[in-house]
Amino acid sequence: MRHGCLTTVVVLFMMGICFFAGKLILDQIGLEMHHQDTIVKEQKEASTTAEEGTEETVQSETKQEGAGKERFYYEQLSKEEQKVYDKLLQGMEASSEKIRISYLDSDDINKIYKWILKDHPEIFWCDSSYRSVSYQGLTSYVIIKPEYIFDQEERNEKQREIDAEVDACLMGIDASASDYEKILYVYEYLVNSVDYEEGSEYNQTIYSIFVKKRSVCAGYAKAAQYLLNKLDVFCTYVTGTIRDSQVSHGWNLVRCEGDYYYVDPTWGDPLFQSGENEDIDNINYDYMCCNDEELFKTHKPEGDVSLPACTEMDWNYYVVNHMYYTQVDEDGLLQAMKDTIFTKEKSTTFKFASNSLYTQAREVLFDDLIRQAARILGNRYGVRQVKYSYLDDEERNKIVIYWNYK
């Protein structure tokens, strides 16, 4: 199966010979998201007198208006679990050393703790690990001791750094922009301003994105969630694995113009795509508002929660930009290449609705159409030796031609 191979072609018009050279692997997967849920359980029989102090009741906060204020994972919990969620969230926001909650099974506590961090990317000072001490007796309860990355003073200083970068970022998008425009803006901002780097500092937090400018999938996805929520677009954090490698991965679920789509800004980053190959500098838009069918070819959700079906394609990047083909028309394919050549764009992208369409189009493109377009480029710009590269991606039913105008 062809998958993400970039091939460079040189066309010598005087001799009528095509030379093929230099295969470069485009897609590399070696990412790991380090989820570390550590629980230390200690059992202690309580006497008739419970530990000093009583458990205070925390009312669930009234959900604020606006898509950016929705808490996806919170809504999946029972009422009793929501009370524990609220109590834990209150303590984590206050950087409390100990948080007392109603007694729950350790698996339930672990789920709630993890879901708080999925709902709240702004909690960058809290690690994904914690310790718990369970007390069972006449009054049963659990003491949660979160692991904090920063103390209060460090947290305040780093929050100011984050706020400065976020404010600068959001100045680039009008608040009245459409959902799609906001999602695309955030996607491109993250790809253009951050480098993918395994082992980067604080890479499970938004601090790694906005300040350090180096992160892994968790940082990218949480930053997308943080920014889009501020822009009043629903976005949540989804975890799972890469199908081929079973490596842990994180991405986003968004709601765009009323329908659900998936977004993966990590896989949009050319540095992540190319590894050490610096020749590839184009953003990958395969995961800019894609549906279940497209995403599940490569991504497998964790299954810890039921996700809404993503079945629409109206706001898929390739559909919006007229690069999505539901039929093979040779004149239309040639015209698409001519249009990009006449405007000196870097590339022409063909995304096909099915593998059968891709196979049919591939045959006509590589038989003669691309060479016709190359001759048009040479004649228009006076280039005697035209060079172009192409990405031939059978798995994603996509062909991209990269033009060289020199």
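The values are calculated or read from the model by the stated rules, or taken from the named source; none is laboratory data. The shown structure was predicted, so the numbers you read here are calculated from the model rather than taken from an experiment. So basically every Cβ, Gly included, is an ideal-geometry build from the backbone, and we count neighbours across all protein chains shown.
Residues that are in contact with a strand residue (DSSP E or B) (Cβ under 7 Å, 6 or more places away or on another chain) and either part of a loop (DSSP other than H, G, I, E, B) or among the aliphatic types (A, V, I, L, M) (or both) within region 390-406 comprise L391, N397, I399, V400, I401, listed in sequence order.
Only residues that are of a type in the set (D, E) and either touching a strand residue (DSSP E or B) at 6+ places or on another chain (Cβ under 7 Å) or surrounded by 18 or more Cβ atoms within 10 Å (Cβ to Cβ) (or both) were counted in region 318-340, giving 0. Residues in region 148-185 that are free of Cβ contacts under 8 Å to residues at least 24 places away in the same chain, outside any helix (DSSP H, G or I) and either under 22 Å from Y85 (Cα atoms) or not aliphatic (A, V, I, L, M) (or both): G172, D174, S176. In the condition set (1) part of a strand (DSSP E or B); (2) touching a helix residue (DSSP H, G or I) at 6+ places or on another chain (Cβ under 8 Å), L253 is compliant with all but (2). Selection over region 243-266 of residues that are in contact with a Leu (Cβ under 9 Å, 6 or more places away or on another chain) and within 23 Å of M313 (Cβ to Cβ) gives a count of 12. One residue alone among I123, I144 is closer than 21 Å to Q225 by Cβ and β-branched (V, I, T), and that residue is I123. Taking (1) modelled with pLDDT of 50 or more; (2) within 13 Å of I143 (Cα to Cα); (3) assigned to a loop (DSSP other than H, G, I, E, B); (4) touching a Phe, Trp or Tyr at 6+ places or on another chain (Cβ under 8 Å) in turn, S95 satisfies each apart from (2). Looking at V142, V133, just one residue is surrounded by fewer than 18 Cβ atoms within 10 Å (Cβ to Cβ), more than 28 Å from R255 (Cα to Cα), of a type in the set (A, V, I, L, M) and not assigned by the TED database to the domain that holds M288, and that residue is V133. E93 meets the conditions (1) in the same structural domain as C256 (by the TED database); (2) touching a His at 6+ places or on another chain (Cβ under 9 Å) in every case but one. The failed one is (1). Only residues that are part of a helix (DSSP H, G or I) and surrounded by fewer than 16 Cβ atoms within 10 Å (Cβ to Cβ) were counted in region 291-301, giving 1. For beta carbons closer than 9 Å, sequence separation of 6+ or different chains, a first residue in region 340-355 that is at negative phi and of a type in the set (S, T, Y) and a second that is in a loop (DSSP other than H, G, I, E, B) and modelled with pLDDT of 95 or more, the qualifying pairs are T348/M323; T349/Y285; T349/N321; T349/M323; S354/T326; S354/N397.
Quick one: is R100 among the basic types (K, R), within 13 Å of Y135 (Cα to Cα), at pLDDT 50 or above and surrounded by 14 or more Cβ atoms within 10 Å (Cβ to Cβ)? Give the steps one after another, and end with the answer.
Values: among the basic types (K, R): yes; within 13 Å of Y135 (Cα to Cα): yes; at pLDDT 50 or above: yes; surrounded by 14 or more Cβ atoms within 10 Å (Cβ to Cβ): yes.
Here the answer is yes, as R100 does meet what is asked.
Does I116 satisfy being modelled with pLDDT of 95 or more, of a type in the set (V, I, T), farther than 27 Å from V233 by Cα and within 28 Å of the chain's Cα centre (by Cα)? So I116 fails the test. Just wondering, is there one or more residues in region 160-183 that are assigned by the TED database to the domain that holds A218, farther than 26 Å from Y317 by Cα, out of contact with any helix residue (DSSP H, G or I) (no Cβ under 8 Å at 6 or more places or on another chain) and hydrophobic (A, V, I, L, M, F, W, C)? Yes, because at least one residue in region 160-183 is assigned by the TED database to the domain that holds A218, farther than 26 Å from Y317 by Cα, out of contact with any helix residue (DSSP H, G or I) (no Cβ under 8 Å at 6 or more places or on another chain) and hydrophobic (A, V, I, L, M, F, W, C).
Restricting the first member to region 296-307 and to residues that are on the phi > 0 side of the Ramachandran plot, and the second to residues that are of a type outside the set (S, T, N, Q), the beta-carbon pairs closer than 8 Å and six or more apart or on different chains are G303/G240. Within the option set D368, D304, D286, being surrounded by fewer than 16 Cβ atoms within 10 Å (Cβ to Cβ) and not in a helix (DSSP H, G or I) holds for one residue only, D304. All conditions but one from (1) part of a loop (DSSP other than H, G, I, E, B); (2) surrounded by 16 or more Cβ atoms within 10 Å (Cβ to Cβ) apply to K344; the one that does not is (2).
For region 220-230, the set of residues classified as surrounded by fewer than 23 Cβ atoms within 10 Å (Cβ to Cβ) and touching a Phe, Trp or Tyr at 6+ places or on another chain (Cβ under 8 Å) is empty.
The set of residues in region 295-319 that are touching a Phe, Trp or Tyr at 6+ places or on another chain (Cβ under 7 Å) and over 20 Å from F234 (Cα atoms) comprises H299, Y318.
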